[in-house]
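Structure, as structure tokens:
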Amino acid sequence: ELAAMGVAVLTYDPSGRGESWGPEDYGGPEHQDNAAHAIRFLRSQNHVHTEHCGLIGISLGISSAVGAARLLAEEGGPVQWVLDWEGPCDQSSITANQTMNAPAMGHKSSDRTYWAPREALTHMPHIQCGYVRLQAHPDHGQTDATHHALQMVSAASKAALPWFRL
């Protein structure tokens with residue numbers, strides 16, 4: 001729909017998903033790097049207004065989007081915005097309190113080396129761009145949970161971002 005409106009849009013399969021090779025990373029450093037590479041590629045296209053690029057993370061994709069936004073900001077080329085569509089923000093919400101354990105890939109909840117890069121909350125202070133949270137009630141994945149939306153908006157309010165919206 002966005003492309004039909006004249007917006008340049010790039011979709012991709014991160015490593016280990018769809019037609020991409022490699023191991024599944026569940027929003028970790030590999031997926032974040034994939035998203036950052038997608039933005040770098042998009043910015044290299046002649047018809048793209050590089051000053052208007054952003055990332056959309058849907059559900060578990062928020063870790064990839066916010067992590068990529070952080071990588072790009074640390075390189076000196078931040079995106080202008082991140083749209084977070086009902087993304088889980090930390091280990092507890094990613095696994096629905098250990099009831100959905102595929103994203104854990106066998107890692108314990110105490111394994112900060114594994115979890116910290118996958119928690120969107122850890123990246124919020126570093127993204128240097130606008131932030132939008134879309135949240136329905138009930139949530140698409142955890143029907144009784146909206147605390148992760150409040151945590152992300154609270155983190156955005158403390159992060160000195162240019163702007164944020166819920």
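Here are a few things to note about the model shown:
- Of the residues GLN135, GLN91, GLN98, GLN128, the single one that is open to solvent by 80 Å² or more (accessible area, probe 1.4 Å) and either touching a helix residue (DSSP H, G or I) at 6+ places or on another chain (Cβ under 6 Å) or small (Gly, Ala, Ser) (or both) is GLN128.
- Neighbours by Cβ (under 6 Å, 6+ apart or cross-chain): first from the range 132-154, closer than 9 Å to LEU166 by Cβ; second assigned to a helix (DSSP H, G or I) and open to solvent by less than 40 Å² (accessible area, probe 1.4 Å): ARG133/ALA149; ARG133/MET152; ARG133/VAL153; GLN135/ALA149
- The range 33-51, subset of a type outside the set (S, T, N, Q) and over 19 Å from the mean Cα position of the chain (by Cα), residue least open to solvent (accessible area, probe 1.4 Å): VAL48
- Within the range 54-78, residues that are at positive phi sit with their Cβ atoms under 7 Å from residues that are at pLDDT below 95 and of a type outside the set (Phe, Trp, Tyr), at 6+ positions apart or across chains, in these pairs: SER59/GLU86; SER59/GLY87; SER59/HIS140; SER59/GLY141.
- Only one of the listed residues (ALA136, ALA96) is over 15 Å from the mean Cα position of the chain (by Cα) and on the phi < 0 side of the Ramachandran plot. That residue is ALA136.
- Number of residues in the range 21-41 that are over 24 Å from THR95 (Cα atoms) and modelled with pLDDT under 95 equals 1.
- Answer residue from the range 1-32, given it is of a type in the set (A, V, I, L, M, F, W, C) and in contact (Cβ under 8 Å) with a residue 24 or more places away in the chain and is most open to solvent (accessible area, probe 1.4 Å) among those: LEU10
- No other residue among LEU55, LEU83, LEU71, LEU60 is of a type outside the set (Asp, Glu), buried (at least 16 other Cβ atoms within 10 Å of the Cβ) and more than 9 Å from the chain's Cα centre (by Cα) apart from LEU71.
- Residue within the range 108-119 that is touching a strand residue (DSSP E or B) at 6+ places or on another chain (Cβ under 9 Å), surrounded by 16 or more Cβ atoms within 10 Å (Cβ to Cβ) and of a type in the set (Ser, Thr, Tyr) present: no
- Of the helices (runs of 4 or more DSSP H) lying entirely inside the range 21-120, those containing at least 1 residues that are farther than 22 Å from VAL132 by Cβ are 29-43, 91-94, 112-115.
The values are calculated or read from the model by the stated rules, or taken from the named source; none is laboratory data. Source: prediction; values computed, not measured. Because the Cβ atoms are built from the backbone with ideal geometry, glycine has one as well, and the counts that use them run over all protein chains shown. Ligands, DNA and RNA are excluded from the accessible area calculation, which covers all protein heavy atoms including side chains. Shrake-Rupley method; radii C 1.70, N 1.55, O 1.52, S 1.80 Å.
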